[in-house]
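Visitor: Below is a structure I'd like to ask you about.
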Amino acid sequence: MIGGGAIGSAIACFTQTQPGFSGEVTVIERDPGYTRASSVLSASSIRQQFSSAINIQMSMAGIEFLRSAHELLAVGAERPDIGLKEQGYLFLASAAGADVMAENHGLQRAHGADVRLFSPAELRQRFPWLATSGIALGSFGVSGEGWFDGYSLLQALRRKARAAGANYLAAEARGFDCVAERITAVRLADGGSVPCDVVVNAAGPWAREPAAWLGIDLPVRARRRCVFVVSCPTPIAHAPLVIDPSGVWFRPEGSGRFICGTSPDARDDPDDLPLEVDHALFDNVVWPTLAARVPAFEALRQTGAWAGYYEFNTFDQNGIVGYHPAVTNLIFANGFSGHGLQHSPAIGRGVAELIVHGAYRTLDLAPLAFERIAAERALVERNVV
Ligand SMILES: Cc1cc2nc3c(=O)[nH]c(=O)nc-3n(C[C@H](O)[C@H](O)[C@H](O)COP(=O)(O)OP(=O)(O)OC[C@H]3O[C@@H](n4cnc5c(N)ncnc54)[C@H](O)[C@@H]3O)c2cc1C
């Protein structure tokens, strides 16, 4: 495994505990303190409200796993607390987006998601702190959506993987030794190497690098996203994670505090920006939008901020998962574009099945296969935040 973030650690955990697995997982992680890993710089939220079947199905598996994480990831008497709060997501649509929202709702319901549509009047009744000007429809996740502590999930996956026999190596992968179309070893920066039967690229925002060592152009780039922490003197009761039609979002984070943010304009979203907070984004875009949507936010105070990288799939903003068609023992688990933490249990389970049994056994992750890129067959997901 190259990379021991939530994706690499979930795959390590599920592989090492997979019935029939007799091998040994080595996770190569160059930053064991996870100072720059997306998994610890995330907004750590989960929703069922996607527009593609595979993303909804992975979220269904995700919430089931998160609800039982204290049991599934227990090591001896130690039961992790990942702080899951099922307070829902509320997507808001203008008149221009209402039809698409209703269409997505149909698909979500067909897959068993517990979501409801609200008119502006119903929204005002249920969320009296919300201003509904310019809103035609709202979509609320009654259950199965909310947020959790991403750092605790990562640490719990890592602890479980290690307890089951996975070996975490504090080292940087730098290249591959290959014979014909197979990788035989991962070369390390310290001059050592790790022999392997299967390699998983779980390098998060840096995933293009291991692919490039083989001449493969993986369309995954590090795109900076900023999260702002604010406090609000007026209580905002039972707030879900709210997504304004503009893309500005907020959610509660402890008592009287919220986190919020937005994605930059797609035309001005360069790769590899330094992880410095864009304060102008808060002043010029996030705060004015929040104050218009929730008048109580006019009096908010910013108390903190951080920046992290989306592992952004420039082709279609969805995960790229499964074997490479030519390099026969290389598996990708990359490009989740802002929804990888909630999908890490489904990805971990699926990739473990692929490694151990040679095929997906629970959820078929074939729609995420690498082949769609060469075939220029985009997997469309309308709800990328
Ligand atoms: C601001 C922000 C908000 C987000 N909000 C959400 C959300 O609400 N819900 C959600 O589901 N997702 C969210 N995401 C996305 C989610 O955090 C990521 O999809 C997920 O954490 C990706 O996990 P990962 O393990 O692939 O990457 P990472 O956690 O980045 O781990 C990759 C690891 O690989 C290591 N690595 C890379 N190259 C090498 C190498 N050559 N050798 C050794 N080690 C290497 C790195 O050190 C790193 O630790 C958000 C992300 C950000 C930045």
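The values are calculated or read from the model by the stated rules, or taken from the named source; none is laboratory data. Quantities reported herein were computed from a predicted structural model and do not represent experimental measurements. Backbone-built Cβ (ideal geometry, glycine too); neighbour counts: all protein chains shown. Accessible surface is based on the protein model in full, side chains and every heavy atom, while ligands, DNA and RNA are left aside. Shrake-Rupley method; radii C 1.70, N 1.55, O 1.52, S 1.80 Å.
Visitor: Kindly indicate whether any position in segment 349-369 is within 12 Å of the ligand (Cβ to nearest atom) and either within 22 Å of Arg47 (Cα to Cα) or not polar (S, T, N, Q) (or both).
Guide: Looking for residues that are within 12 Å of the ligand (Cβ to nearest atom) and either within 22 Å of Arg47 (Cα to Cα) or not polar (S, T, N, Q) (or both), one finds at least one in segment 349-369, hence yes.
Visitor: Let me ask something else. Say whether the condition of being open to solvent by 40 Å² or more (accessible area, probe 1.4 Å) and assigned to a loop (DSSP other than H, G, I, E, B) is met by at least one residue in segment 40-54.
Guide: No, the conditions are met nowhere in segment 40-54.
Visitor: Starting from residues that are of a type in the set (Lys, Arg) and within 11 Å of the ligand (Cβ to nearest atom), keep the ones in segment 152-191 and report whichever is most open to solvent (accessible area, probe 1.4 Å).
Guide: Filtering segment 152-191 for residues that are of a type in the set (Lys, Arg) and within 11 Å of the ligand (Cβ to nearest atom), the one most open to solvent (accessible area, probe 1.4 Å) comes out as Arg174.
Visitor: Does segment 94-122 hold any residues that are over 21 Å from the mean Cα position of the chain (by Cα), over 15 Å from Asn383 (Cα atoms) and among the acidic types (Asp, Glu), and which are they?
Guide: Result: Glu122, single match.
Visitor: Go through (1) more than 23 Å from Ser39 (Cα to Cα); (2) under 13 Å from the mean Cα position of the chain (by Cα); (3) β-branched (Val, Ile, Thr) and name the single condition Val327 misses.
Guide: The number of the failed condition is (2).
Visitor: Next question. Output the residues belonging to segment 20-32 that are under 11 Å from Gly3 (Cα atoms) and either more than 11 Å from the ligand (Cβ to nearest atom) or touching a residue at least 60 places away in the same chain (Cβ under 8 Å) (or both).
Guide: Within segment 20-32, Thr26, Val27, Ile28, Glu29, Arg30, Pro32 meet the criteria.
Visitor: If you don't mind, there's one more thing I want to ask. Please state which of the following conditions Thr35 fails to meet, knowing it meets all the rest: (1) surrounded by fewer than 17 Cβ atoms within 10 Å (Cβ to Cβ); (2) hydroxyl-bearing (Ser, Thr, Tyr); (3) in contact (Cβ under 8 Å) with a residue 60 or more places away in the chain.
Guide: Just one mismatch for Thr35, condition (3).
Visitor: Now, a different point. Could you list, in sequence order, all residues of segment 319-348 that are within 13 Å of the ligand (Cβ to nearest atom), open to solvent by 10 Å² or more (accessible area, probe 1.4 Å) and among the aliphatic types (A, V, I, L, M)?
Guide: Of everything in segment 319-348, just one residue is within 13 Å of the ligand (Cβ to nearest atom), open to solvent by 10 Å² or more (accessible area, probe 1.4 Å) and among the aliphatic types (A, V, I, L, M), namely Leu341.
Visitor: Quick one: in segment 129-151, which of the residues that are outside any loop (DSSP other than H, G, I, E, B) and under 13 Å from Arg67 (Cα atoms) is nearest to the ligand (Cβ to nearest atom)?
Guide: Trp147
Visitor: When both residues are 6+ apart or on different chains and their Cβ atoms are under 6 Å apart, which pairs have a first residue that lies in segment 200-220 and is part of a helix (DSSP H, G or I), and a second that is of a type outside the set (Gly, Ala, Ser)?
Guide: Gly204/Glu311; Pro205/Tyr309; Pro205/Glu311; Arg208/Leu218; Arg208/Val220; Pro210/Ile2; Pro210/Asn201; Ala211/Leu218
Visitor: Would you check which residues across segment 240-269 are open to solvent by 50 Å² or more (accessible area, probe 1.4 Å) and within 15 Å of the ligand (Cβ to nearest atom) and list them?
Guide: Glu253
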